[in-house]
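I have placed the structure first, in the form of structure tokens, so that the comments after it can refer back to it.
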Amino acid sequence: MLSFAITTHAFPVIAINKWKQRHMQRQMQRVSLSASIHHDSLRVLEWDKLCDLVASFATTSLGRQALKDQLWSLNQTFEESLKLLEETNAAVEMNKHGTLRLHLGHLDAMLVKTAIQHARRSIPVSGYEARAIVALLQCAEIVQGDLKAVIKEDKDWHNRFMPLTEVIMEFVINRSLIKAIEQVVDEDGSIKDSASPALKQARQQVQVIERKVQQLIESIIRNEKSETSTLEVNNIDGRWCVRVDSGQKTSFKGLLLSSGSGVGSTIEPLSAVPLNDELQRARSLVVKAEADVLLALTKKLDLDDIEKTLNSLVELDVINARATYGLSFGGSSPHIFLPDRSSSSTAEAFLPRSENLYGPLPSKREWTLYLLKAYHPLLLQRHKEKLRKAKKNVNLATSDAALDNAPPVPVDFLVSQKTRVIVITGPNTGGKTICLKTVGLAAMMAKSGLYVLASESAQIPWFDSVFADIGDEQSLSQSLSTFSGHLKQISNIKSQSTSQSLVLLDEVGAGTNPLEGAALGMALLESFAQDSCLLTMATTHHGELKTLKYSDEAFENACMEFDEVNLKPTYKVLWGVPGRSNAINIAERLGLPSVVVDTARMLYGSASAEIDEVITDMERLKQEYQELLDEARHYLRHSRGLYNSLLNTRRKIIEYSTNLRFKKMRDVSEAAAMARSILHKKVRELDASAKLPSQNNKTISSSNLSATNKSQTVAENKEPTIADKSASSVKVFNRSRSDKSGPPKVGDMVHVSSLGKQVTVLKVDSSKGEIVVQAGNMKLKLKLTDIQRS
């Protein structure tokens, strides 16, 4: 019974464990399938080649590997992507500043990492590793010192370089460790003699023994030397010996260390064996003394601080590599956002940074994807390489080479928020697949903190995953998937995609019967649109897929432009216009017999021809609209220039009139002050002349009274004297002053000598002795003493 009870109770436990194992296996299979689909998608997009290109801008081996690992990480959150872009922007600011040096090419980060690993296992670091640690700490000190100097000049740089400012300021610089290593380890990694007394003594002993054994060997060679013999001093494994030519006999005895046909023999003389043995023992003492020095030095290492500084510098190398790549290829910082499907606007709550850091956003309420003049990064890199090679090789400067070196054509992507599926049509080799790859790579670059190779104000939604099914001859991977393989890949993508995913399908519905392929393609695209996948872009040759736009507003058409005159694609995207067939027209232009062309048109059908005519009219109208739009933009820019010119002229006129008014007022004020000064001077002169006769009259003595009377009698019959005239004039002036001493009244006319004209009194303030007058168009405030009554 006991055995049965145990069995019955154990059965559910075993079943549960098996169920858990199967569940874990299924879970691991799903994770493995998801990772496989993600990696296959990125492989066909050639993401691995772009990662290698970006990683080449890192200056340390650890930085290059860390950057590759970071770019291949597929689980970044939206906030992490924002942080990565913020770091890249800060590094771009540092590079543009010019003073901060983030180039770490002289730093052997791998050697420092090896030193840390050795030290943690209590293995003494080598001299080279110790010098690598010194280089690490000195590099951190230089970067930190440069940043402090920049912030000291302008504190605003502290915030502009965030979050890198915090990383650099947290460097721990152990200067005592630098000094300790430099005291015992030379620049070439060798241990200095002064590192320890034991080491110095051991090395001196080695030198003494080496001189003895060399002298012994040289004496043996001199004794054996003859005209036909050739003996040389040699050293094998630290033992001094004699090299003897083949077939030559020697008189000394020794140990044969090596021999060979035609190369002679190496013999260690027996007399040199004790000295060589002693030399080996002395060298072992040197090795032990060096090991003791390095062990003592290893114990002084603060491994946590060194490892933290190493990781921080590698992180700076990774961030600087992202920034340097963006600057080298003329990229721009993208605006990434999480779409808010509950409204027509984006989730602005996820845009914490200032717009001034990136520039104005391009109509956030209108576009989901906004990329102007976007380049395929690998095509642009290949173009730059060709240009560099062409500059080195003058022979390539031919017309054919110039054609090969033509720059790639940038494309525009303008996807409205209501669009979920985009159908791109166009001829083969017209650039459809390149467009898919450009969008996919741009989305991954923005998510990974890289600048996108597009114009400013690039706006890209944050995609949690980018799935792609591209089997084209343009890919270097040369995908050979069959129709069933494509369907399996699309089915896996369908199961793994979410409402935040980007799906790229190349030649959807191809590889089978055209009618069945078109029906299957329509069903697939409608399924992606209904399941609310954030954005699906598909290329096709099936004309039926163009009609989806007219039955569902979630669809949009686009086509690759084709130059029918030159019979070649222009690689430009025409949005809102479905592509049309050009095969029959091209065949006619290429000289195919007219009978064949007419028969083809008849078989093609009048309905298809009418559709092509409608498409032709749409393209013509779109081109005319674009021309009118460009003309309107031209006039708008011109009118803005004229408006700014008028504002500038108005400002200058206002400034001139204001300056002129102030100048006139200043001139009038100066003239009034001068007039007051002159008037006051005249009054003082008249007062002085009036007082002079009265003083003379008071000094006349009584003894001269008779003479004075005679003079007055005679004066009655003569002309009056100057003094008499002066006195009389003073009396008249005083009388006139007394008559007009009262203040004028409002409306009276008074004379202002400084202006030389009559003015009208507007206001009189007797308490302050001031008066306001009207002089033409000017109103002046004067003192009562500045005017004269008429």
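The values are calculated or read from the model by the stated rules, or taken from the named source; none is laboratory data. Keep in mind that what you see is a predicted model, and the values were worked out from it rather than measured. Don't worry about glycine lacking a Cβ; one is built from the backbone with ideal geometry, like all the others, and counts go over all protein chains shown. Only protein heavy atoms, including side chains, enter the accessible area calculation; ligands, DNA and RNA are left aside. Shrake-Rupley method; radii C 1.70, N 1.55, O 1.52, S 1.80 Å.
Kindly flag which residue pairs out of LYS447/LYS546; LYS663/LYS757; LYS96/LYS384; LYS432/LYS549; LYS447/LYS568 have an alpha-carbon separation exceeding 26 Å in this structure.
Details: LYS447/LYS546 31 Å; LYS663/LYS757 20 Å; LYS96/LYS384 22 Å; LYS432/LYS549 19 Å; LYS447/LYS568 35 Å.
LYS447/LYS546; LYS447/LYS568, as the Cα separations exceed 26 Å there.
Taking θ as phi - 60°, what are the ³J(HN,Hα) couplings along region 539-546 by the Karplus curve (6.51, -1.76, 1.60), each to the nearest whole Hz, with x for Gly and Pro?
Result, rounded to whole Hz: 9, 7, 10, 7, x, 5, 6, 5.
Rolling a 1.4 angstrom probe over the protein chains, ignoring ligands and nucleic acids, what is the accessible area of ASP156 in square angstrom, nearest 10?
100 Å²
What's the magnitude of the charge dipole for region 748-789 around its Cα centre, counting Lys and Arg as +1 and Asp and Glu as -1 at the beta-carbon? Answer in Debye, nearest 20. Intermediate values should be presented prior to the final figure.
Working: 7 positive and 4 negative charges, 14 e Å.
It works out to roughly 60 debye.
Find out how many positive minus negative residues lie around SER677, taking Lys and Arg as positive, Asp and Glu as negative, among other residues whose Cβ is under 15 Å from that of SER677. Numbers along the way, then the final one.
On the way: positive: ARG676, LYS681, LYS682, ARG684, LYS783; negative: GLU670, GLU685, ASP786.
Net local charge, SER677 excluded: +2.
Considering amide H positions built from the backbone, and no H for Pro or chain starts, which residues 5 or more places from TYR571, or on another chain, come under 5 Å of its amide H?
Here GLU561 satisfy the definition.
Beta carbons within 10 angstrom, averaged per residue: use that to sort the peptides 60-69, 112-121, highest first.
Details: 60-69: 19.8, 112-121: 17.6.
So the peptides 60-69, 112-121, ranked by packing, come out 60-69, 112-121.
Got a sec to turn the phi values of region 775-784 into Karplus ³J(HN,Hα) couplings, 6.51 cos²θ - 1.76 cosθ + 1.60 with θ = phi - 60°, whole Hz, x for Gly and Pro?
Rounded to whole hertz, the list is 10, x, 8, 9, 10, 10, 9, 10, 7, 4.
Quick one: which residues, 5+ away or cross-chain, put their amide H under 5 Å from the amide H of THR368? H built at 1.01 Å from N.
Result for THR368 returns VAL415, SER416, GLN417.
For TYR604, TYR375, what's the largest-to-smallest order of accessible area, 1.4 Å probe? Before the final figure, lay out the partial values.
Values: TYR604 95, TYR375 75 Å².
Result, largest first: TYR604, TYR375.
Find the relative contact order for region 748-789 and round it to a whole percent, using C-alpha pairs within less than 8 Å whose residues are 6+ positions apart. Kindly include the intermediate steps, with their values, before the conclusion.
Values: 69 pairs, mean separation 15.2, N = 42.
Relative contact order comes out at 36 percent.
Apply the Karplus parameterisation 6.51 cos²θ - 1.76 cosθ + 1.60, with θ equal to phi minus 60°, to every residue of region 102-116 and state each ³J(HN,Hα) to the nearest whole Hz, in sequence, with x for glycine and proline.
9, 7, 10, x, 7, 8, 9, 5, 5, 5, 5, 4, 4, 4, 5
With a 10 Å radius around each residue's Cβ, average the other Cβ atoms per peptide and rank 558-564, 290-296, highest first. Before the final figure, lay out each step's value.
Values: 558-564: 19.0, 290-296: 17.1.
Result, highest mean Cβ count within 10 Å first: 558-564, 290-296.
If the convex hull of the alpha-carbon atoms of region 619-661 is projected onto planes in all directions, what is the mean projected area in square nanometres? Before the final figure, lay out the partial values.
Working: hull surface 9.7 nm².
Computing the convex hull of the Cα atoms and averaging its projections yields 2.4 nm².
For region 748-789, with all protein chains present and a 1.4 Å probe, just round the carbon and sulfur fraction of the accessible area to a whole percent. Each step should come with its number before you reach the end.
On the way: 1190 of 2450 Å².
Whole-percent figure for carbon plus sulfur exposure: 48.
Using the Cβ atoms and a cut-off under 14 Å, what net charge is assigned to the surroundings of LEU520, where Lys and Arg are +1 and Asp and Glu are -1?
-3
Rank by packing, highest mean first: peptides 743-752, 440-449, with packing defined as the count of other Cβ atoms within 10 Å averaged across residues. Intermediate values should be presented prior to the final figure.
Working: 743-752: 14.0, 440-449: 25.5.
My ranking of the peptides, most packed first, is 440-449, 743-752.
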